[in-house]
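The values are calculated or read from the model by the stated rules, or taken from the named source; none is laboratory data. Note that the coordinates shown come from a computational prediction; the quantities given were computed from them, not determined experimentally. Cβ: placed from backbone, ideal geometry, glycine included. Neighbour counts: every protein chain shown. Accessible surface is based on the protein model in full, side chains and every heavy atom, while ligands, DNA and RNA are left aside. Shrake-Rupley method; radii C 1.70, N 1.55, O 1.52, S 1.80 Å.
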Amino acid sequence: DESDESEEGDDDDDDDDYDSDDDKPLAAMSSSSSSKKAAVKTKLKIKIRASPEVPKKVKREDTKPRKAIKEDPDRKKPAKKNTRELKKLDKTERLQYAMQAFLWWEAPVLAEGVNWSTMEHAGVSFPEDYEPHGVKMLYNGTPVDLTPAQEEAATFFAAMDPDGMHLGNPKTAPIFIKNFFADFKGILGRQHVIQKFEKCDFSPIRQHLNEQKMIRKAITDDEKKANKEDRNQVLHRFGFAIVDGHIERVGNYNMEPPGAFRGRGEHPKMGKLKSRVAPEQVSMNLSECAAVPKCPVPGHAWGDVRHDPRGQWLATWKENINGQSKYMQLAAQSSFKGKSDRSKYSKAGLLCKYITKIRKSYKKDLKNKNVETRQLATATWVIDRLALRVGGEKDTDEEADTVGCCSLRVEHLTFDPNDEGIDNKEIELEFLGKDSMLFKQTIDFGAEMYNQGEGGLGNQVFENLKAFCKKKKKTEEVFHAINPTMLNAHLKQFMDGLTAKVFRTYNASKTLQEELRKHETSPLWANLSATEKVVQYNNANREVAILCNHQRSVSKAQETQLESIGVKLATLKKQRKQLKAIGRKLVAGDSDIPLRKSSQAMDEDVKAALAKAKRMKEAATTKEQKIKATEADEKAKQKKRDLAQAKFEKAHLWEKVPSQDQVKKRIVAWTAKVAKMELDLKHKDDNKEVSLGTSKINYMDPRISVAWCKRNEVPIEKIFSKTLRDKFNWAMAVSPDWEFNESIGNEA
DNA sequence: CTTCAGGACTCAGAAATGTGCGG
DNA sequence: CCCGCACATTTCTGAGTCCTGAA
């Protein structure tokens with residue numbers, strides 16, 4: 001410890017040597033000078049513990065690169081030697097290299113149930129205190145004085161979009177308002193003038209917020225840069241942790257700000273005020289030997305400091321709406337998440353080995369005399385074939401009423417939905433699943449696809465479901481005799497660690513692999529370009545997303561966009577018709593040909609307006625000027641759009657009388673345009689409600705995609721974004737013939 | 001030993017933000 | 001070559017699943 005002390009001064013000086021705090025290395029080290037000493041000290045300790053071969057006395061000029069790129073000895077040396085010639089890496093880049101250099105899957109494994117031996121981080125970053133704006137809401141038409149806390153609450157409500165998913169929905173708006181107002185009144189106190197929501201008028205605050213938005217829109221490029229720099233500062237202070245001597249990204253290092261609770265679906269608590277979390281409510285998890293990070297809020301301290309290496313979490317606190325725990329954890333590209341992810345997929349791969357046995361078992365048990373056994377078998381079929389979630393019990397006073405397999409109620413099943421008669425084996429399943437997403441499918445249990453192969457027992461499952469629903473009230477559970485715990489216990493008999501959710505991973509990965517293979521074996525495949533192959537990949541991805549019922553709601557913007565494409569399409573068709581008429585006129589020698597005027601004057605008009613708005617933006621210093629500038633800018637842009645629209649409507653015409661040949665050519669061009677747009681529209685319409693991302697991020701084994709890319713010479717960048725490549729770094733080295741099957745179960 | 005609440009993690013779509021392409 | 005817009009990506013935090021440990 002003594003020698004550590006003596007180094008500390010050294011290291012401190014060193015920090016000050018280099019130019020700015022942009023260069024200060026890690027999280028813990030960039031806190032203000034008082035905590036710096038402690039942090040530096042511990043950091044060195046860790047270094048020594050983690051890698052005993054590092055000499056105790058670190059030379060001053062050696063310190064900087066080692067901190068940033070210490071994981072990569074090959075990179076360190078040349079970078080050091082050539083400092084003058086090479087472009088200096090900025091801090092973000094150095095950290096990036098340091099993180100990439102650590103390949104956790106090649107590192108020694110820790111003891112069972114332990115996630116780390118040393119861990120240090122900078123704690124949680126807290127949002128700024130509330131800054132009162134002084135804009136008064138109206139009650140009964142008169143302005144009301146509010147304390148900052150009261151004003152803050154009013155502002156949370158004013159910030160809600162009146163047409164958004166909470167207040168715009170007539171089913172949820174009353175819940176939201178009731179909850180909000182109850183909490184608001186709690187802050188106001190009993191004696192307050194504000195008593196009835198109907199008499200409240202938040203529009204002055206709403207208007208103020210809109211103004212603020214306008215002001216923010218008017219920022220110059222320099223200000224934008226400065227904002228980004230600020231965010232980077234926070235990232236560099238809080239965004240990194242050191243786990244067992246390796247730098248790792250922290251996921252959610254920003255404390256959730258207070259606001260109105262935005263529950264999904266018909267959440268009974270939406271609109272309640274989510275309160276500001278104080279450092280005292282937050283517990284830290286880090287090494288015993290690590291410096292406790294300085295609490296970033298002046299005058300406050302962390303609630304608790306724990307040292308639990310079994311946990312992945314860095315900090316935890318409780319939210320006040322449902323009393324549930326929230327966590328600060330490492331980011332998706334970290335070793336913690338990577339390890340869990342790989343073991344998840346390996347477990348799913350291992351299911352390949354046991355699936356036949358499981359299907360044979362439920363085939364037998366579907367007819368078992370014992371209700372419990374029969375329900376377990378039927379539920380397993382549903383989870384296996386329909387990819388439903390297990391469906392835990394929910395308290396509808398506290399949470400939205402959503403269901404999964406075990407919690408399905410009689411009312412969610414409609415037998416013979418189309419009144420087709422006795423032989424009909426269709427059931428319409430209609431219920432709200434996770435996130436209140438609608439599951440609405442008519443399953444024909446008599447269909448071939450549900451009666452073929454080892455899992456095909458549709459007819460029997462249909463009989464069972466019918467029997468389970470018999471003599472029950474609408475609100476009773478279909479699978480009354482079982483629950484998720486029993487179901488999972490049942491599944492564990494077949495395979496170690498098997499639970500209901502593994503089936504979703506298994507089926508998603510399996511489906512992706514099979515869908516991809518289908519195309520690869522077709523004779524024309526080899527001729528396709530990489531882009532065309534990617535289209536097929538996305539089609540396979542779509543199959544998985546549909547299987548898992550991953551949806552997205554169509555936003556207003558998308559809706560109007562689709563509409564406008566429709567209008568454009570109609571215009572194009574009309575234009576083509578007109579072109580044909582012009583062609584006929586030309587043949588007949590008719591000289592009455594519609595022409596278009598030059599738009600030059602209007603073009604310049606629009607240009608001038610835009611330029612003026614830009615000048616206003618740059619010159620604006622006061623609030624009013626900024627708002628004016630943004631308004632002028634928007635006006636000019638609208639003008640431009642209008643002009644573009646007008647131009648588009650006349651785009652098929654000429655300024656001078658065209659030749660017959662010109663007209664012919666243009667008709668061909670317009671036909672192509674129409675065809676392209678029709679296809680585009682159909683494609684957009686088909687996909688507007690399917691969300692591909694969720695299955696890509698959570699369900700499809702990335703090694704299937706990587707191997708496919710390698711086999712087909714498709715660059716991985718076309719399939720996985722940067723973050724996804726980082727998240728799946730452990731999967732990048734698989735061979736082109738890698739397969740998702742039971743053999744991958746080893747790492748589970 | 002059993003039960004069950006709550007702790008700890010994965011999975012989810014909306015919203016915010018970034019980017020690249022076509023006019 | 002530039003600029004706006006459509007589309008892609010990232011951030012945010014709510015909503016599930018599953019298991020553990022306390023009573």
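Here are the numbers:
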| read-out | value |
| --- | --- |
| Most to least accessible of A:Met270, A:Met732 (protein chains only, probe 1.4 Å) | A:Met732, A:Met270 |
| A:Leu528 accessible area, 1.4 Å probe, all protein chains in place, Å² to nearest 10 | 60 Å² |
| By accessible area with a 1.4 Å probe, ligands and nucleic acids excluded, highest first: order of A:Lys574, A:Lys727, A:Lys91, A:Lys353 | A:Lys574, A:Lys353, A:Lys727, A:Lys91 |
| Burial ranking of peptide ranges A:578-584, A:226-232 (average Cβ count within 10 Å, highest at the top) | A:578-584, A:226-232 |
| Directionally averaged projected area (convex hull, Cα atoms, the stretch A:223-335), nm² | 9.5 nm² |
| Among A:Ile704, A:Val663, A:Leu724 - extreme Cα towards positive end, dipole of the stretch A:639-728, charges at beta-carbon | A:Val663 |
| Over 24 Å between alpha carbons, listed pairs A:Lys171/A:Lys326; A:Lys533/A:Lys696; A:Lys533/A:Lys573; A:Lys367/A:Lys434 | A:Lys171/A:Lys326; A:Lys533/A:Lys573; A:Lys367/A:Lys434 |
| With all protein chains modelled, accessible area of A:Ser117 [1.4 Å, Å²] | 80 Å² |
| Accessible area in square angstrom per residue, the stretch A:337-514, 1.4 angstrom probe | 48 Å² |
| Among A:Trp313, A:Gln324, A:Pro258 - extreme Cα towards positive end, dipole of the stretch A:223-335, charges at beta-carbon | A:Pro258 |
| Per-selection Kirkwood Rh - the stretch A:138-210 (Cα, Å, 1 d.p.) | 12.7 Å |
| For the stretch A:155-173 versus the stretch A:398-427, the gap between their alpha-carbon centres in whole angstrom | 31 Å |
| Dipole magnitude (debye, nearest 20) for the stretch A:138-210, charges at Cβ of Lys, Arg, Asp, Glu | 300 debye |
| Probe 1.4 Å - accessible area at A:Ile697, Å² to nearest ten | 70 Å² |
| Which of A:Glu515, A:Glu532 is most accessible, then next, and so on - probe 1.4 Å | A:Glu532, A:Glu515 |
| For the stretch A:534-540, Karplus couplings with θ = phi - 60° (6.51, -1.76, 1.60), whole Hz, Gly/Pro x | 4, 4, 5, 4, 5, 5, 5 |
| Cβ crowding within 10 Å averaged over residues, with A:398-409, A:710-721 ranked highest first | A:398-409, A:710-721 |
| Mean-position separation - Cα centroids, the stretch A:503-519 and the stretch A:432-499, in angstrom | 21 Å |
| Packing rank of A:278-288, A:193-203, where each peptide gets the mean count of other beta carbons within 10 Å, highest leading | A:278-288, A:193-203 |
